[in-house]
Each structure stands twice: as structure tokens, then as C-alpha cells.
Amino acid sequence: MSEQNQNGLTYAAAGVDIDAGNALVKNISPLVKATRRPGADSEIGGFGGLFDLKGAGFKDPILVAANDGVGTKLKIAIETGVHGGVGIDLVAMCVNDLVVQGAEPLFFLDYYACGALDVEEATSVVSGIAEGCQISGCALIGGETAEMPGMYAKGDYDLAGFAVGAAERGELLPSAALSEGDVLLGLASSGVHSNGFSLVRKIIEHAGLGFDCKAPFASETTLGAALMTPTRIYVKPLLAAIRETGAVKALAHITGGGLPENLPRVLPEGLQARIDLAQISCPPVFGWLAQAGGVAQSEMLRTFNCGVGMVVAVRADKVAEVTAVLEANGELVMRLGALEPRAEADSEQAVFEGTLDLGQNA
């Protein structure tokens, strides 16, 4: 093939740097290798990721899939230059959705889209993704980096994640045995996690603060760094509780919509959850958000996790046993309430009593 005109256009001139993409693959290869687990030991670079269910020890598995993003928390990552945490967020939002169905996360794929590829920045993001995969025990078996000049403004990028897990047939959650008297335990969140950041950013703007300002609720760090605390990954503690006690009946990942929207997703029509808000230990960030934005309790509950990242429905006679396993695996456990009969078909399935303790800031 003859050489093209030296003055002709190239892909690089159009804004896509293939060499930068190759450099990124070289940088992330050892990060990907560090996530290997039984069932996944192939190299990245093929046209598809491979996973061996038999090699992972499953006999009659049901596959469970989930995908998610990080939302406008990415805007804070871009403005502060703190990128690794959103990689953990991305994995957390997917694998936490898998474990609530009783599934063990097996593998993860990511999608990173940008206007112009910054290799160092992208490497930091993928480093966080790999760390999240290690925390949750799943393998990072592939992904896609898309450089799309004209679609994204300079410096912007977007993330999406895709996770697949498995559970043996007959072991999926929620259990059909959910019943009146089952106790609801809450697992503490690490902060805002990855939901509600459009409101968070609006409150910051309203307060006239910058991300480099001292955090009003955490004086030892900046506002930006405090808000970039990654989403907590609950996979290994929950799998331990499920397998060691046999008493976990349902799980609810508290994401967008908060407790009022996410708890009903795992409840049968005839039951409702009664929650004592006074039992929730709210991190200081929520008190500051409520005060600085004049946000009502009802709006806080339906926008943020307010300190509860996961709810666990447990047999009443096994509460102490389940709590002990979760605490031994590093979780802070709150007894929130219980399940009771639902009086009317159109009544709320999540009923709240008491008041959130939003601290002195509220």
C-alpha cells in the first residue's frame, strides 16, 4: 500500500490518540492481573473476557447481572483531580446490587469515555476499579476506553460498570420466607456514597464554598476530599453472614431514593417495614447538608442514604448471630426496626417513626 499524502488528515489530528490508548493498556495490565480469582485467569486484550463457572466452584448456578455509573460525583472528581475513588464507587454500585440477590460477584467490565485521553488520569480511575474488584472478590476481565472528541468537553469523562455474579439455584434473595417479626438491621454507610450529588453540588453552590475549602463537617480535610470518600462495598461481610448463619432473608442496597424507595423493592405485598429513625447513626456530612441547604427530613430520606448503605432482614432468633458475623467483618450494625403486616394494599411499605439525628449542624 502506498504512503498517504504527508499533509493528509490522521486519526490523531481528529483528536483520537491510539498511542495514548496503548499506553493506558500497558499501565493497567498489572492492575487487572491483581484481580484474578478462580474462574478468571486470562489476559486482557482479547475481543471478550472469559469466565469459567465450573472453575469458580459452581454446580447449578443462576447468573445475576447489574450495571451502573457514578452520576455527577464525577464532576467533583474532575474538579478536584481525585479520580481513584470513583473507580471504587463504580464497582461498589454494581456489586452491592448483586449481593442483595444473594449472588457472589464474579467479574466486572468497565466503560470509560472521554473527549481526549489523559493516560495518568485514566490509569488512576482504573486503579480504583481494580481496588474495588479486589475488595469485592471479583475479577476485572475487560472493558472499553472510548475517546470521542466533540462528544465530551475538555477534561470531562464518563464511567459505566457492568458486573456479573452467580448463586446456586434455590439460594437467591429475597427469600419467600420473609415474615412478620423479621428484624431489620442497617449497615453503616461511609458517607454520601454515589447518589444525590446534583443536590450536594447545589448546596455547595448555595453555601458559596469551593471544593478546596475546609470541610464544615470534617475540619481535618477539604470539602472536595471529604465528599470523594468512596462508596462502601458490603460484599464479603454479607456473603459471610449469608453462608455462615443461613438466617439472612433479604437485603436492600440503599441508593437513589433512599430508604423509602429501596426497602419496598424487596418486600412482598403483604408486609411493611417499620423503621425507627432515631436508631440511625448519621455521618456529620448529612447534618451539614440538611442545615446548609435547608433540606427537610423527608427530602433527605428520599435523596440520600443518611448513614445506612444496606438493610438486612434477619430471622428474629438469629439477630445476635448475624450481627456478630457482620461486626467481625468490619461492619457497624444498627437495629432499625422490623417487618409487620401491611394494613392496606395502598399503604406505604416503609413506615418511619422518630427523627433523624443530624447532629448540631442540623
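The values are calculated or read from the model by the stated rules, or taken from the named source; none is laboratory data. In this text the structure is predicted, and so the values were computed from the model without any measurement. Ideal geometry is used to build each Cβ from the backbone, glycine not excepted, and the neighbour counts take in all protein chains shown. Surface accessibility is based on the protein's heavy atoms, side chains included, excluding ligands, DNA and RNA. Shrake-Rupley method; radii C 1.70, N 1.55, O 1.52, S 1.80 Å.
The table below gives the values:
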read-out: Yes/no for E299 being among the acidic types (D, E) and either touching a residue at least 40 places away in the same chain (Cβ under 8 Å) or in contact with a Ser or Thr (Cβ under 8 Å, 6 or more places away or on another chain) (or both); value: no
read-out: Evaluation of D276 against (1) at pLDDT below 95; (2) over 16 Å from the mean Cα position of the chain (by Cα) (one fails), failing number; value: (1)
read-out: Filter result for the condition that a residue is touching a residue at least 40 places away in the same chain (Cβ under 8 Å), closer than 18 Å to T255 by Cβ and not β-branched (V, I, T), over G21, G69; value: G69
read-out: Residue match in region 304-325 (condition: surrounded by fewer than 14 Cβ atoms within 10 Å (Cβ to Cβ) and over 30 Å from K236 (Cα atoms)); value: no
read-out: Every residue from region 332-352 that is open to solvent by 50 Å² or more (accessible area, probe 1.4 Å), under 23 Å from S189 (Cβ atoms) and either of a type in the set (S, T, Y) or assigned to a loop (DSSP other than H, G, I, E, B) (or both); value: L332, E348
read-out: G49 on the phi > 0 side of the Ramachandran plot, at pLDDT 80 or above and either of a type outside the set (S, T, N, Q) or part of a helix (DSSP H, G or I) (or both); value: no
read-out: Residue, nearest to A188 (Cα to Cα), within region 48-67, restricted to residues that are within 17 Å of the chain's Cα centre (by Cα) and open to solvent by less than 50 Å² (accessible area, probe 1.4 Å); value: A66
read-out: Single match in V16, V25 (criterion: touching an Asp or Glu at 6+ places or on another chain (Cβ under 6 Å) and at pLDDT below 90); value: V16
read-out: Residue list for region 180-191, filter: open to solvent by 10 Å² or more (accessible area, probe 1.4 Å) and closer than 18 Å to A218 by Cβ; value: A188, S189, S190
read-out: Scan of region 45-77 for residues that are in contact with a helix residue (DSSP H, G or I) (Cβ under 9 Å, 6 or more places away or on another chain) and more than 29 Å from E168 (Cβ to Cβ), ordered by number; value: G45, G69, V70, G71, T72, K73, L74, K75, I76, A77
read-out: Where P264 falls short, out of the listed (1) free of Cβ contacts under 8 Å to residues at least 24 places away in the same chain; (2) closer than 16 Å to A350 by Cβ; value: (1)
read-out: Out of G165, G181, G137, G150, sole residue that is over 30 Å from G293 (Cβ atoms) and at pLDDT below 95; value: G150
